[in-house]
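This report concerns only the one structure given below.
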Amino acid sequence: MNLHLSQFAAVHAPFAPATPAPRRGAAGLLAVFAEPFARILARLAAASRRAQDTAFLHGLNDRELADMGLGRADIGRIHDPGFAAEHAARRQRG
């Protein structure tokens with residue numbers, strides 16, 4: 001019986017395992033450490049970016065901050081999740 005590849009996949013897809021087989025050997029060891037290491041690097045990169053943003057804002061004078069609708073007290077809060085919405089509402093009120 002000659003089945004085309006798409007026909008074979010359609011017939012056997014319901015029987016395919018739900019999760020991929022676990023990796024063994026070096027590939028498995030690499031997979032175990034790669035994802036947590038990538039998360040750590042992403043957190044370090046985000047922390048570095050926050051520090052750069054904060055340092056940049058501290059370098060601005062009060063007039064430049066006011067032009068953006070910020071005060072010195074706001075600099076420490078710029079990375080808080082709720083600050084953007086609060087800042088936008090404050091700017092709309094005038």
Where the convex hull is taken over the Cα atoms of region 23-93, what is its projected area averaged over directions, in nm²? 6.5
For 70-83, 32-45, ranked highest to lowest by mean beta-carbon neighbours within 10 Å, the order is 70-83, 32-45
Alpha carbon convex hull of region 21-63, projected area averaged over orientations, nm²: 3.9
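No lab work stands behind these numbers, since they all come straight from the coordinates. Model, not experiment: these values are computed from the prediction. When we count neighbours, we look across all protein chains shown, and the Cβ atoms used for this are built from the backbone with ideal geometry, even at glycine.
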